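Okay, structure first, notes after.
The values are calculated or read from the model by the stated rules, or taken from the named source; none is laboratory data. These numbers come from a predicted model, not from an experiment. Cβ sites come from the backbone with ideal geometry, for glycine too, and all protein chains shown count toward neighbours. Surface areas here come from the heavy atoms of the whole protein model, side chains and all, with no ligands, DNA or RNA. Shrake-Rupley method; radii C 1.70, N 1.55, O 1.52, S 1.80 Å.
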Amino acid sequence: VSNRDQVTTAVAAFYDELPFNYGETAQSAAAIVRGRNQVESTYPDLDQVLRRQVSSLLDVGCGAGWLSHTCSFHYGVRTVGIDLSTTAVLRAREISAALELDALTEFRVTDVFRHETSETFDVVVSLGALHHTADLPGALGIVAERVAPGGVLYLGLYHAYGRAPFLALFEPYRRLEAAGVLGPDDFEAALAMYAELDNRTTDRTLVRSWFRDQVLHPHETQHTLREVAGLLEAIGFAVASTSINRFEPIDDLNELFELEVGYEESARLALEVERRYVPGFFTVLAKRP
Ligand SMILES: C[S@@+](CC[C@H](N)C(=O)[O-])C[C@H]1O[C@@H](n2cnc3c(N)ncnc32)[C@H](O)[C@@H]1O
């Protein structure tokens, strides 16, 4: 068994137990999608793309599907979501039904490395998924092939500098979990510490699902814009916008490579001084030049 397959098996089991962003009920998740367009408020560059002539979107590592649902519900886009976790995909389908989106959405249980298809999509998105594989370059090559001519690839990944303070904060618990000796009291203490930082919701299942994903994950990697820009260039894509400079136009990528180093200090200040929730995530919108 390759390292890649070992990671896939561990990650699938982890999310089958409790997927990420998984609330008490499908209805509550549907209400969140209906109530607010979270792409518009969080990812303005993706919002701009979706407002144009976009008819199809592939969501790689879709989890319970909030992004697919949002794109179908708020932009009328036909979406296909793929994910390793059966539990996540079943919930994604339930939420689709609650939103009456069954005609626009399709969810498949599959490993991105084994997704057999020749379809291409106007937009291929992967938020917070590829850093849970053992092979980011390989995964990027595969997802890029699904982008239609003139289409867009949109990635969200943990940032090497921006993520460091969050990991450091939870390091003692992460070490216990990795050694397989995190007891119930430590689990609850870590969960309470997490919930104090991230108090966006009172849905206890949802908080627990975020906490496990953020703190107790069996496999995550972190990356930089510099690294991702290089990987994208190698497969014929170029960075068009990024959260690193808050989605502003890019004059010179090298300036952003310098800017991103400062992400560690700003994340540390936000977490330790302001006690703000900073998971250390960044996004990249890429196109074929
Ligand atoms: C942190 S969750 C993000 C889910 C979703 N993109 C979101 O934003 O809510 C990561 C997801 O990636 C999926 N995933 C990880 N490795 C994968 C792989 N090799 N193939 C398909 N999905 C994968 C996991 O099952 C999990 O649902």
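In table form, for the structure just shown:
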read-out: Extreme residue, farthest from the ligand (Cβ to nearest atom), among residues of the range 195-217 that are closer than 19 Å to Gly156 by Cα and either open to solvent by 40 Å² or more (accessible area, probe 1.4 Å) or in contact with a Lys or Arg (Cβ under 7 Å, 6 or more places away or on another chain) (or both); value: Val215
read-out: Qualifying residue in the range 160-178 (condition: more than 12 Å from the ligand (Cβ to nearest atom) and within 20 Å of Glu233 (Cβ to Cβ)); value: yes
read-out: Close pairs from the range 127-141: first in contact (Cβ under 8 Å) with a residue 40 or more places away in the chain, partner open to solvent by less than 20 Å² (accessible area, probe 1.4 Å) and of a type in the set (Gly, Ala, Ser), Cβ under 7 Å, at least 6 apart; value: Leu127/Gly156; Gly128/Gly156; Leu130/Ala139; Thr133/Ala139
read-out: Unmet criterion (only one of (1) within 16 Å of the ligand (Cβ to nearest atom); (2) on the phi > 0 side of the Ramachandran plot; (3) not polar (S, T, N, Q)) for His115; value: (2)
read-out: Residues that are aliphatic (A, V, I, L, M) and crowded, with 22+ Cβ neighbours inside 10 Å, drawn from the range 81-98; value: Ile82, Leu84, Ala88, Val89, Ala92, Ile95
read-out: Residue among Gly128, Gly150 that alone is open to solvent by 10 Å² or more (accessible area, probe 1.4 Å), small (Gly, Ala, Ser) and closer than 19 Å to Asp5 by Cα; value: Gly128
